[in-house]
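The values are calculated or read from the model by the stated rules, or taken from the named source; none is laboratory data. Computed from a prediction, not measured in an experiment: that's the story for all the values here. Cβ coordinates were reconstructed from backbone atoms using ideal geometry, including for glycine residues, and neighbour counts include every protein chain displayed. Just the protein is used for accessible areas: all its heavy atoms, side chains included, with ligands, DNA and RNA removed. Shrake-Rupley method; radii C 1.70, N 1.55, O 1.52, S 1.80 Å.
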Amino acid sequence: MSTEIDDTAAVATPPQKFTALSRTFHWLTAILIFAALLIGFTMVNWLAGYATLRVIHMSIGALILLVVVLRIVNRFRHHPPAWPPTVGRLEGKAVIWSERALYALMLAQPLVGWAMVSASGTPVRVFGVLRLPPIAPFNIHVFSVLREAHSILAYALVVVIAAHVSFVLAHSTVLGDGMLRRMTFHIGRRERSKR
Ligand code: HEM
Ligand code: HEM
């Protein structure tokens, strides 16, 4: 009987990881979105800081748009690793749709923000170096519809992110199936020994 370690079996054993680039995109977008949400909700409730936070918020929002487009291109080029067997069929469908919803919201929200500012007739300045062209007509009615949409999408993001994080944490802590490790940069013992 052979005592050699079977490399194929080791590679096929879940949990497998997302590529380093996919993980970088995931955590970069997560940090930027948390920041945009926090600054957005703060600035509309804090008049004294509104002007400064608005500039920072628009810059982060524009950066999110760029990063999310790159992330979506990367997503089409790299398929995610298979889920652990603890993810059931119905649950899998819910996860797929919630992740699609996250991609759609991450893309729609900065576009709506940009269009809303365009409709208000003010320029979108990004980190003080770039001025984005308007993408919607200067019109009060268009502005008010987009302003409402920007709020609704922000709350939708909060709800879907909360469901997403709960799903991941429930799997990782209650079922202990390593769901979170697929997206982290933690180097496990097996991977370290392979180097
Ligand atoms: C703004 C916050 C977040 C957003 C927008 C977000 C978005 C996403 C998206 C779109 C995916 C699907 C990746 C793909 O298949 O291409 C994903 C996967 C994942 N996320 Fe997040 N995420 C966020 C926060 C978090 C946090 C805080 C955690 C940790 C608890 C986390 C853990 C994971 C894990 C483990 C996966 C892989 C799950 C799977 O394969 O289905 N995410 N995330
Ligand atoms: C994913 C990206 C973004 C997120 C998560 C986000 C989130 C938010 C949130 C939570 C608010 C407060 C909403 C409320 O309480 O009613 C807000 C307001 C606002 N956002 Fe964004 N936003 C994003 C992108 C953008 C972009 C790209 C722009 C413009 C270029 C923008 C411009 C604004 C402005 C001007 C306001 C304040 C509107 C007012 O004073 O009534 N946002 N955003």
Checking LEU132, LEU169 in turn, the sole residue that is closer than 21 Å to TRP27 by Cβ, at pLDDT 95 or above, over 16 Å from the mean Cα position of the chain (by Cα) and surrounded by fewer than 16 Cβ atoms within 10 Å (Cβ to Cβ) turns out to be LEU169
Kindly indicate whether ILE72 is touching a helix residue (DSSP H, G or I) at 6+ places or on another chain (Cβ under 9 Å) and outside any loop (DSSP other than H, G, I, E, B). yes
Quick check on this structure: which one of VAL129, VAL117, VAL112, VAL124 is touching a His at 6+ places or on another chain (Cβ under 6 Å) and within 16 Å of ligand 2 (Cβ to nearest atom)? VAL112
Could you please let me know if ILE39 is away from ligand 1 (no atom under 11 Å from the Cβ) and either modelled with pLDDT of 95 or more or open to solvent by 70 Å² or more (accessible area, probe 1.4 Å) (or both)? yes
Do any residues in the stretch 46-71 that are closer than 15 Å to ALA35 by Cβ and open to solvent by less than 70 Å² (accessible area, probe 1.4 Å) have Cβ atoms under 8 Å from those of residues that are among the hydroxyl-bearing types (Ser, Thr, Tyr) and modelled with pLDDT of 95 or more, where the two are at least six apart or on different chains, and which pairs are they? GLY49/THR42; LEU53/THR42; ILE64/THR29; VAL67/THR29; VAL68/THR29; VAL68/TYR103
Test each condition in (1) part of a helix (DSSP H, G or I); (2) away from ligand 2 (no atom under 16 Å from the Cβ); (3) touching a helix residue (DSSP H, G or I) at 6+ places or on another chain (Cβ under 7 Å) for TYR103 and report the one that comes out false. (2)
Inter-residue pairs, beta-carbon under 8 Å, first within 12 Å of ARG100 (Cα to Cα) and among the acidic types (Asp, Glu) and in the stretch 155-166, second part of a helix (DSSP H, G or I) and open to solvent by 30 Å² or more (accessible area, probe 1.4 Å), 6+ apart: none
Taking the stated definitions as given, is LEU146 within 16 Å of ligand 1 (Cβ to nearest atom) and buried (at least 16 other Cβ atoms within 10 Å of the Cβ)? no
Restricted to the stretch 75-113 and to residues being more than 11 Å from ligand 1 (Cβ to nearest atom) and among the small types (Gly, Ala, Ser), the residue nearest to the chain's Cα centre (by Cα) is ALA108
Quick one: in the stretch 75-100, of everything that is open to solvent by 40 Å² or more (accessible area, probe 1.4 Å) and part of a loop (DSSP other than H, G, I, E, B), which residue is farthest from ligand 2 (Cβ to nearest atom)? PRO85
